[in-house]
Structure formats: C-alpha cells, structure tokens
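The values are calculated or read from the model by the stated rules, or taken from the named source; none is laboratory data. Keep in mind that what you see is a predicted model, and the values were worked out from it rather than measured. Virtual Cβ from ideal backbone geometry, glycine too; neighbours counted across all protein chains shown. Note: accessible area is taken over every heavy atom of the protein model, side chains too, but ligands, DNA and RNA are not part of it. Shrake-Rupley method; radii C 1.70, N 1.55, O 1.52, S 1.80 Å.
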Amino acid sequence: MKEAAGFHFKTYLLIAFIAVFAPLGNVLLGKGMQNVGSAKNWAPGEILQILERICSSGYIWLGIASLLTFFVAYMLVLTWADYSYVQPSSSLAYAVTGALSYLLLGETISPLRWLGIAVICVGVFVVGHTPPRTTERLQPS
Amino acid sequence: MREFLFLTLLVISGTGGELCVTHAMKKIGEVHDFHPLALVKFILRALRVGWMWLGIAMMAAAFFSLLAMLSFENVSFVVPVTALSYAAGAVGAAVFLRERISAQRWMGVAIVCVGVTIVWLSHR
C-alpha cells in the first residue's frame, strides 16, 4: 500500500516537472523565434543565416535548457510508466502554455482557442485516471 | 499550407522519436536511485543504447520543425496543435511497444484530438 502511494507520488511529481518546464521552454523558444524572424524563400543561404541567429539568441538557449530539464524528467518517468500514460498526462503542459503565452508574450487568445485547450485538459483528465503501467517490465540489457 | 507541412513533420518525427526513446528506457530498466551521480550514470547508460540515438535524431528533426512553426505562428496555436501526436502516440504505443491501451485511454486521446481540432479552427 505504502509502496503504491510512493509509486504514484514519484509519478505525479515528475509529471508536474514536465508540466512546468515544457511550456516554459516552448514560450522562451517562441519569444526567441519572434526575434529571429521567419524565412522568406527557404534558400540554403537564408536558412544558414537564420540558424546563426538562432544560435546567438539567449531566449533560445534558455528555452533549450528548460526543455532539457523537461526531457530528463520525462526519461525518468518513462522507466516505470507507460508511454501512452505519460504522453497524454504531460499534455497538462498545453494549458500552462496557453496561460504563459497570454501572460508572458501578450498573445491574444480567442475564446474558441481557450475552449480547445480546455477540451484537451478534459482529455488529459480522462487519461490520468488509467493505471500508469499495463505491460510487464522488460529485463534490463 | 506550410503550417500543415511542418505540423506533419513535427508529429511524425516527434512521435517516432519518443517511441524510440521509450523503447530504450524500458530496456535500461526502472530508476530507483535519484542521487546526481546515479542520474549521470543512468544518462550515460541510456546513451549506449542505439534506440536512444535514433530517438534523439528524430526528436531533433521535430525540434527544428517546431522552431520553424514558431517563427511564423503564435505559441498558443503551435503548441496545442502538436497535441495531434497523441493519436499517433497511442497507435504507435499499441503497435510497436505492445502497450495495452484501455477504452478509457482511447476516449481520453479522442477528446484531446477534438480539442486540437477546435484550436486549429480558431486559427481560421
């Protein structure tokens, strides 16, 4: 019983990490790409210039650091929980992304878009009430 | 059109990459020790698995597709529509990882997809 509680606690804790660092990373990347700008004709020379601007953007590097934190948490939780459980559960991050886009980037989000994000959250809630593991553990190689 | 192309590339390479990483993680086994040194050893062990590198390459392709989309669309549009990968992820997990996906999980994934559709419609 105690082991099961601990199992769920560590799963929820890492999913909370995923839900915070993934949206923060995406918002920082969005801010960085707003500054970098979009390619006009997608010529190789132009893409190289854009890559150079991407590499020199502080926001992009902060976004990458945040996403790396998310990735480590994601890798850890996948060692004991099903992919089909973790992936939808981590979609809580989509709601947080909407909020951060509005608060930090000042994006205008229409009621229809908020509705779509809310529906995604309902889907997450439904998935979150299924057992984290449905398969047998593989033997470590 | 270009947002659709980049979204397709993002979903396919992102989901494929995550399936490869998951397969690699399951081969390594469950983590019990969360000390920094143990975590470093765990990451080094993960990097010795071939599936991990294939997963990383596919996720890198997804990352650059994401950056391309973010250069011409809002974050509040781009990130929610990438939730389309739930459908691809559930199918991939059932087929390639042999995970048993319950009816309730399928329902949750379907609801998420409805949400993605609404967000896409909000763009028009």
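Is it the case, given these coordinates, that A:LEU112 is free of Cβ contacts under 8 Å to residues at least 12 places away in the same chain and farther than 24 Å from B:LEU97 by Cα? Step through it out loud before you land on a result.
On the way: free of Cβ contacts under 8 Å to residues at least 12 places away in the same chain: yes; farther than 24 Å from B:LEU97 by Cα: yes.
Criteria met by A:LEU112.
Quick one: A:ALA81 ticks every box in (1) open to solvent by 10 Å² or more (accessible area, probe 1.4 Å); (2) over 12 Å from the mean Cα position of the chain (by Cα) bar one, so which box is it?
(1)
Could you list all residues from the stretch B:83-124 that are in contact with a Leu (Cβ under 6 Å, 6 or more places away or on another chain) and surrounded by 24 or more Cβ atoms within 10 Å (Cβ to Cβ)? So that I can check it myself, show each step before the final result.
So the first thing to find is which residues in the stretch B:83-124 are in contact with a Leu (Cβ under 6 Å, 6 or more places away or on another chain), and the list is B:92, B:96, B:116, B:118, B:122.
Within the stretch B:83-124, just B:VAL116 meets the criteria.
How about the stretch A:29-68: which of its residues are surrounded by 15 or more Cβ atoms within 10 Å (Cβ to Cβ) and outside any helix (DSSP H, G or I)?
A:SER38, A:ALA39, A:SER57
Looking for whichever is farther than 16 Å from B:PRO80 by Cα and either out of contact with any Pro (no Cβ under 9 Å at 6 or more places or on another chain) or hydrophobic (A, V, I, L, M, F, W, C) (or both) here; the options are A:VAL119, A:VAL86, A:VAL20. Which one fits?
After ruling out the rest, the residue left standing is A:VAL86.
Between A:PHE71, A:PHE9, A:PHE17, which is open to solvent by less than 60 Å² (accessible area, probe 1.4 Å), part of a helix (DSSP H, G or I), out of contact with any Leu (no Cβ under 8 Å at 6 or more places or on another chain) and not charged (D, E, K, R)? Lay out the reasoning, then the answer.
Values: A:PHE9 fails: open to solvent by less than 60 Å² (accessible area, probe 1.4 Å); A:PHE17 fails: open to solvent by less than 60 Å² (accessible area, probe 1.4 Å).
Step by step, each of A:PHE71, A:PHE9, A:PHE17 is checked, and only A:PHE71 is open to solvent by less than 60 Å² (accessible area, probe 1.4 Å), part of a helix (DSSP H, G or I), out of contact with any Leu (no Cβ under 8 Å at 6 or more places or on another chain) and not charged (D, E, K, R).
List pairs: first residue in the stretch B:62-74 and surrounded by 23 or more Cβ atoms within 10 Å (Cβ to Cβ), second residue among the acidic types (Asp, Glu) anywhere in the structure, Cβ distance under 7 angstrom, at least six positions apart or on different chains.
What qualifies is B:MET69/B:GLU3.
Those residues that are under 20 Å from A:TYR59 (Cβ atoms) and within 8 Å of another protein chain (Cβ to nearest Cβ), I need them from the stretch B:64-101; list them, please. Outline the logic, then answer.
To start, the set of residues in the stretch B:64-101 that are under 20 Å from A:TYR59 (Cβ atoms) comprises B:64-79, B:82.
Residues satisfying the conditions are B:LEU66, B:LEU67, B:ALA68, B:LEU70, B:SER71, B:PHE72, B:ASN74, B:VAL75, B:SER76, B:PHE77, B:VAL78, B:VAL79.
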